[in-house]
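Worksheet: one structure, shown below.
What follows is calculated from the coordinates using simple rules that are stated; it is not laboratory data. Note that the coordinates shown come from a computational prediction; the quantities given were computed from them, not determined experimentally. Quick reminder, even Gly has a Cβ in these numbers, built from the backbone with ideal geometry, and neighbours come from all protein chains shown.
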Amino acid sequence: MKITLLHWAAEEGYLDLIAKIFEVCEKDGRTAEVFNAKDNIGTTALHNAARAGQEETCKFLIGKGCDVNEVNNYRDSPLHCAAELGQISTCKALLEKGANPDNQNEDENTPYHLAQDNIGEDTAKEIFELISEFMAKKQNNDKRPGSAPSPTNSGSNLTNSQSQNVPDLP
């Protein structure tokens with residue numbers, strides 16, 4: 001598997017090393033190229049950090065321009081990666097930075113679906129509640145006078161399981 005030093009550092013949460021890589025890349029004008037580099041399955045350093053639950057690393061990478069909604073070859077976003085492994089605090093950080101919980105991967109699974117299929121029921125429920133709360137806040141913000149709908153919320157609502165294909169929890 002093709003993996004860069006940045007991919008590895010992001011997965012391990014080595015923020016000092018990541019900051020140094022950013023500093024060097026910035027001097028060479030190669031920040032976007034290096035920070036958005038993909039491995040052989042299209043995974044970015046942000047995907048690796050999300051999967052590993054490296055919340056602070058995710059925030060740093062997004063702050064430096066990594067796309068929070070970038071998808072790999074399977075159409076998994078960093079939020080899919082975090083949700084699939086029950087990384088609740090990382091899911092929250094990604095949502096706060098603009099991750100779209102409605103994105104579907106190649107199997108038409110949202111991040112919540114992956115959580116439901118791969119981790120315990122309690123953690124999946126917690127992720128569902130986190131996403132629902134996020135969507136409710138976005139809808140309230142989008143309804144304010146003079147505010148335009150955000151690209152991560154086109155008026156959808158996770159409580160509408162028919163439009164989201166999200167099964168009801170017991």
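What the table shows:
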item	result
Label-point gap, in nm, between V24 and R75 - each point 7 angstrom along Cα→Cβ	3.7 nm
Over 21 Å (Cα to Cα) - which of K20/K97; K59/K92; K2/K97 fall in this group	K20/K97; K2/K97
Extension gain (nm, one decimal) between A32 and K2, 0.36 nm per residue minus Cα-Cα	9.0 nm
Segment 89-117-segment 36-64 distance, computed between alpha-carbon centres (Å)	14 Å
